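Accompanying notes for the structure given below.
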Amino acid sequence: MRTLAGPTDHVVVVGAGLAGLSAALHLLGAGRRVTLVERDTGPGGRAGLLHRSGYRIDTGPTVLTMPELMAEPFAAVGEELSDRLDLVPLHPAYRARFADGSSLDVHTRADAMEAEVHRFAGAREALGYRRLRAWLTELYQVQMRRFIDTDFDSPFGLLHPDLARLAALGGFGRLDARIGRFLSDERLRRVFSFQSLYAGVPPARALAAYAVIAYMDTVAGVYFPRGGVHALPRAMADAAADAGATLRYGSTVTRLERRGERITAVHTEDERIACDAVVLTPDLPVAYRLLGRAPRRPRRLRHAPSAVVLHTGTDRTWPDLAHHTISFGAAWRETFRELTTGRLMTDPSLLITRPTATDPSLAPPGRHLHYVLAPCPNTDLGPGAQEWRTLGPRYRDALLRVLERRHLPGLAAAIEEECLVTPLDWTAAGHAAGGPFAVAHTFAQTGPFRPRNLVSGTTNAVLAGCGTTPGVGVPTVLISGKLAAARITGRRTARPRPGRVGAHDGP
């Protein structure tokens, strides 16, 4: 693994999102002095927090998996995750509801899920689920240490016996077809393949290796922190401050001062911060603009679909909703064709999150929060950012009609507070192609082929975040911060043992 040359005593981390906070904690644990610079008034980045009339609304990811990966940055500074975060496992992890009126609770315990699949689709599918679970587990074990949690210096880093194991597992086939070897029920196949949507590739075209995301969701489990998902970056920032980091909130980085190929200082609107190394976590276009160059690639980067998110505070709820409910439309393959050719979903599949099902304190007494995430085309393919000024309110009304027709009658009348987020807002926040999911995980943009965290022409800058390795999602973004720190320190921190991550069972 290549590491930065020269002194690295003082590192400036640009961005206090999950990647930047992870990098900061790993750097602090390795004895570096860290200054963390964030344009917002607090930590979180994409995982922010919005206060509205007593409602506390998570503005970013709502699905958390892999608590052992959350524990790693805390362990780097000698802390336990459980001392900072009250992490609750969700049972069920999801509730899937289908256009034919059927529903399925997705459990992470093998016996509970086998019984649910048996009830839902019969004994043959239950046996197929057992086989699928074993395959997902082996796939994860092969990929994590060798292909996800690793810094690649070149594509030759793939040449390892685990590559042959991954091929033998069918990892280079197509995701939908591989899932179909275990499950014939089309509804069940959706449950174990819809995750590829957020990686930016339809299941029919995605590599089967991406089923590792389904492992994280359906085998490793889904969790929720008391206080909302924003409690995670807040806890990480507190741990960083206690470990000696200097946190500069409300400071926008305007330029990087250079001497030859070395960055010698980070400039904000108010100050010059001298440094020995820099970790840049903004979206790639912003990071490359600060660096003064973008690496040459044979093809233009492709971005994942974007999303419209409707956050609602309501005076009622619908008990049939779980904490996370996936509402599948009838048109499955057509939905992916629409999203990847620039059209809005005509029969949308939606993620509905009800965080007050687990933590009622996120809303005023007797009130409830519901978030609706609707994937949509990114602005490279679909409507431009400015078109969403007028399209957004119309699409919001269309979503409400769909939701009221499917599962949530009376939703529109129950809304007291709301916030609509569209590609216009993602663009204003600096996200490439008007979306929060960054560069799509095509084969040519995965592993050593993804934009690297080392940038040529600069000898002491490292990238972190969802646009670089290993990719999109909370677990991988946390890993990206660790990998960036390892480029600076040459150290890989040990992973906490399972059972020491602090998650407890119960509602």
Check your understanding: Among the residues of segment 6-24, which ones are more than 26 Å from Arg259 (Cα to Cα) and open to solvent by 10 Å² or more (accessible area, probe 1.4 Å)?
Key -> Gly17, Leu18
Exercise for review: Would you mind telling me which numbered condition in (1) within 26 Å of Glu334 (Cα to Cα); (2) surrounded by fewer than 17 Cβ atoms within 10 Å (Cβ to Cβ); (3) touching a strand residue (DSSP E or B) at 6+ places or on another chain (Cβ under 6 Å) Asp397 fails?
Suggested key: (3)
Review point. In this structure, is Ala93 open to solvent by 10 Å² or more (accessible area, probe 1.4 Å) and closer than 19 Å to Thr137 by Cα?
Key: no
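Yes or no, residue by residue, for (1) out of contact with any helix residue (DSSP H, G or I) (no Cβ under 7 Å at 6 or more places or on another chain); (2) modelled with pLDDT of 95 or more; (3) of a type in the set (Asp, Glu):
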{"residue": "Pro319", "(1), (2), (3)": "yes, no, no"}
{"residue": "His323", "(1), (2), (3)": "no, yes, no"}
{"residue": "Ile326", "(1), (2), (3)": "yes, yes, no"}
{"residue": "Glu334", "(1), (2), (3)": "yes, no, yes"}
{"residue": "Ile352", "(1), (2), (3)": "yes, yes, no"}
{"residue": "Ala357", "(1), (2), (3)": "yes, yes, no"}
{"residue": "Ser361", "(1), (2), (3)": "yes, yes, no"}
{"residue": "Leu369", "(1), (2), (3)": "no, yes, no"}
**Study point:** Some residue of segment 270-279 being open to solvent by less than 10 Å² (accessible area, probe 1.4 Å) and touching a helix residue (DSSP H, G or I) at 6+ places or on another chain (Cβ under 6 Å)
**Key:** yes
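This table checks each residue for (1) outside any loop (DSSP other than H, G, I, E, B); (2) of a type outside the set (Ser, Thr, Tyr).
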| residue | (1), (2) |
| --- | --- |
| Gly6 | no, yes |
| Leu27 | yes, yes |
| Gly31 | no, yes |
| Gly42 | no, yes |
| His51 | yes, yes |
| Thr62 | no, no |
| Met70 | yes, yes |
| Phe74 | yes, yes |
Practice item. Tell me which of these Ala123 doesn't satisfy, since it passes every other one: (1) of a type outside the set (D, E, K, R); (2) open to solvent by 20 Å² or more (accessible area, probe 1.4 Å); (3) closer than 25 Å to Leu454 by Cα. Key: (3)
Point to revise | segment 8-25, residues that are within 19 Å of Leu81 (Cβ to Cβ) and either out of contact with any Asp or Glu (no Cβ under 7 Å at 6 or more places or on another chain) or outside any loop (DSSP other than H, G, I, E, B) (or both) | key: Gly17, Leu18, Ala19, Gly20, Leu21, Ser22, Ala23, Ala24, Leu25
Study note, to complete from the structure: For segment 353-389, the count of residues that are open to solvent by 10 Å² or more (accessible area, probe 1.4 Å), part of a strand (DSSP E or B) and of a type in the set (A, V, I, L, M) equals 1
Check your understanding: Yes or no: Leu27 crowded, with 20+ Cβ neighbours inside 10 Å, in contact (Cβ under 8 Å) with a residue 12 or more places away in the chain and not polar (S, T, N, Q)?
Key -> yes
Exercise for review: Using the structure shown, decide if Arg119 is basic (Lys, Arg) and touching a helix residue (DSSP H, G or I) at 6+ places or on another chain (Cβ under 8 Å).
Suggested key: no
Revision key, fill the gap. Residue hits (segment 335-352; more than 21 Å from Thr442 (Cβ to Cβ) and open to solvent by 30 Å² or more (accessible area, probe 1.4 Å)) are Leu344, Thr346, Asp347
Review point. In segment 442-461, which residue that is open to solvent by 20 Å² or more (accessible area, probe 1.4 Å) and within 18 Å of the chain's Cα centre (by Cα) is nearest to Tyr371 (Cα to Cα)?
Key: Thr442
Check your understanding: Can you name every residue in segment 359-399 that is of a type in the set (A, V, I, L, M, F, W, C) and over 30 Å from Pro225 (Cα atoms)?
Key -> Leu381, Ala385, Trp388, Leu391, Ala398
Exercise for review: Please go through segment 468-484 and pick out each residue that is closer than 18 Å to Ala432 by Cβ and either open to solvent by less than 10 Å² (accessible area, probe 1.4 Å) or free of Cβ contacts under 8 Å to residues at least 24 places away in the same chain (or both).
Suggested key: Thr468, Gly471, Ser480
Point to revise | Matching residues, segment 390-418, being among the charged types (D, E, K, R) and either part of a loop (DSSP other than H, G, I, E, B) or over 26 Å from the mean Cα position of the chain (by Cα) (or both) | key: Arg394, Asp397, Arg401, Glu404, Arg405, Arg406, Glu416
Check your understanding: Only one of these conditions is not met by Arg145: (1) open to solvent by 20 Å² or more (accessible area, probe 1.4 Å); (2) farther than 22 Å from Leu64 by Cα; (3) at pLDDT below 95; (4) assigned to a helix (DSSP H, G or I). Which number is it?
Key -> (2)
Point to revise | Residue satisfying condition, being under 23 Å from the mean Cα position of the chain (by Cα) and crowded, with 16+ Cβ neighbours inside 10 Å, within set Leu50, Leu87, Leu104 | key: Leu87
Point to revise | Residue that is hydrophobic (A, V, I, L, M, F, W, C), more than 20 Å from Thr469 (Cα to Cα) and out of contact with any helix residue (DSSP H, G or I) (no Cβ under 6 Å at 6 or more places or on another chain), where the choices are Phe172, Phe194 | key: Phe194
**Study point:** Selection within segment 298-316 - open to solvent by 30 Å² or more (accessible area, probe 1.4 Å) and either in contact (Cβ under 8 Å) with a residue 40 or more places away in the chain or touching an Asp or Glu at 6+ places or on another chain (Cβ under 6 Å) (or both)
**Key:** Arg299, Leu301, Arg302, His303, Asp315, Arg316
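The values are calculated or read from the model by the stated rules, or taken from the named source; none is laboratory data. Model, not experiment: these values are computed from the prediction. Please note: Cβ atoms are built from the backbone with ideal geometry, for glycine as well, and neighbour counts cover all protein chains shown. For the accessible areas, the whole protein counts, side chains as well, though only heavy atoms, and no ligand, DNA or RNA atoms are used. Shrake-Rupley method; radii C 1.70, N 1.55, O 1.52, S 1.80 Å.
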